[in-house]
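Read the structure below first, then the notes.
The values are calculated or read from the model by the stated rules, or taken from the named source; none is laboratory data. On a predicted model such as this, the values are computed, not experimentally measured, just so you know. Positions of Cβ are generated from backbone atoms using ideal geometry, with glycine treated the same way; all protein chains shown enter the neighbour counts. All accessible areas refer to the heavy atoms of the entire protein, side chains included, with ligands and DNA or RNA removed. Shrake-Rupley method; radii C 1.70, N 1.55, O 1.52, S 1.80 Å.
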Amino acid sequence: MASMSGNVVVVTGASTGIGQATAEAFAREGATVVLAARSEGRLVRIAADIEQAGGRAVPMAVDVTDRSAVFEKMKEVAESQGRIDVLVNNAGIGLLSPVENMDPEELKRVFEVNFFGLIWCTQAVLPCMIRQKGGRIVNVSSVAGKRALPHISAYCASKFALQAFSDSLRMEAAEHGITVSVICPPRVDTTFHDTPLMRQKGQRMNAPSLSADTVATAIVRATRKGSREVVVSFYGKFFVFFHWLSPRLLDWIMKRLWTRLAMKKTDRPASEDRP
Ligand SMILES: NC(=O)c1ccc[n+]([C@@H]2O[C@H](COP(=O)([O-])OP(=O)(O)OC[C@H]3O[C@@H](n4cnc5c(N)ncnc54)[C@H](OP(=O)(O)O)[C@@H]3O)[C@@H](O)[C@H]2O)c1
């Protein structure tokens, strides 16, 4: 897949952050991008901006946790665009919560979006890709899907599950000419960390951050190459390597430094946050 020109690329979670940057990057490469998320107004505005800049974009309002809606919308895309070449499963949410206080409904929600939503989208595009005898599925995980961190256990578990699903799917899909890539960014500067589920007791996660555009560039490159897995940035690679080298030492560092270095007070009053 040397050029993206003429390709139809569906990006979930395209209303902001990494998904928006990825859709814009694919559009600059000449692809027709289908922007999927729940916030229809934002999708319409982003699609209009892409078209204004000379690209091709279609907004698609859908909740990835609604399996029948996902199937219906992906069928519409396949019919109206004639094909689906790339699916970027990017929609995702976090959950900042120590295990002892974890709310069962919040825990389920993380898996509904990050894991089941990704499976529904994948199942919905597979028939079209199999008919075409080719396609690319790109799953956005995290370094937290390679090495767990404290206080975000449910999020880490959902990304580890994504990794296993992707590794299994890769072997099944290969016979149809479909590649499966997993993208693992470290912390990225997006609204992800400002959502209510990622704030607790007036605190949010803080760490060196990449821009969404840097991750989008890595996603487009991995899609072109059909890469198996990409850990984004030197910092991300070092973190994963450190875990491989000495998981106990990294545990020790994380335990001691996490609350001091990785958490930051938010501007909002703690009363607005989850308990
Ligand atoms: N930010 C980081 O530090 C970081 C690091 C590593 C990996 N990641 C991963 O990167 C991906 C994107 O994160 P981001 O930082 O760009 O987050 P973000 O700015 O919060 O964007 C999340 C996107 O997911 C969409 N979304 C959430 N629930 C959805 C649902 N039920 N159905 C459809 N769309 C839904 C949101 O759109 P609507 O609300 O409009 O539906 C939004 O477009 C996630 O999978 C995340 O786990 C993020």
Just name the residue that is surrounded by the fewest Cβ atoms within 10 Å (Cβ to Cβ) out of those in region 228-239 that are farther than 18 Å from residue 205 by Cβ and either more than 16 Å from the chain's Cα centre (by Cα) or of a type in the set (Asp, Glu) (or both).
-> 234
Considering (1) more than 18 Å from the chain's Cα centre (by Cα); (2) near the ligand (Cβ under 10 Å from one of its atoms), say which one residue 54 fails and leave the rest.
-> (2)
If you go through region 51-63 one residue at a time, do you hit one that is assigned to a helix (DSSP H, G or I), farther than 18 Å from residue 217 by Cβ and at pLDDT 95 or above?
-> yes
Within region 129-155, of all residues that are within 15 Å of residue 183 (Cβ to Cβ) and away from the ligand (no atom under 12 Å from the Cβ), the one most open to solvent (accessible area, probe 1.4 Å) is 136
Run down 192, 160 and say which single residue is at pLDDT below 95 and either open to solvent by 40 Å² or more (accessible area, probe 1.4 Å) or out of contact with any Cys (no Cβ under 8 Å at 6 or more places or on another chain) (or both).
-> 192
Tell me, please, whether a residue that is of a type in the set (Asp, Glu), over 26 Å from residue 153 (Cα atoms), within 14 Å of the ligand (Cβ to nearest atom) and in contact (Cβ under 8 Å) with a residue 24 or more places away in the chain can be found in region 16-31.
-> yes
When residue 33 is evaluated against the numbered criteria (1) open to solvent by less than 70 Å² (accessible area, probe 1.4 Å); (2) in a helix (DSSP H, G or I), which criterion, by number, is the only one it fails?
-> (2)
Given the conditions (1) free of Cβ contacts under 8 Å to residues at least 12 places away in the same chain; (2) open to solvent by less than 50 Å² (accessible area, probe 1.4 Å); (3) touching a helix residue (DSSP H, G or I) at 6+ places or on another chain (Cβ under 9 Å), every one holds for residue 41 apart from (3)
Is it true that residue 145 is out of contact with any Leu (no Cβ under 8 Å at 6 or more places or on another chain) and closer than 22 Å to residue 20 by Cβ?
-> no
Is one or more of the residues making up region 67-81 among the hydroxyl-bearing types (Ser, Thr, Tyr), open to solvent by less than 20 Å² (accessible area, probe 1.4 Å) and either away from the ligand (no atom under 11 Å from the Cβ) or touching a strand residue (DSSP E or B) at 6+ places or on another chain (Cβ under 7 Å) (or both)?
-> no
Pick from region 87-116 the residues that are away from the ligand (no atom under 11 Å from the Cβ) and assigned to a loop (DSSP other than H, G, I, E, B): which of them is most open to solvent (accessible area, probe 1.4 Å)?
-> 103
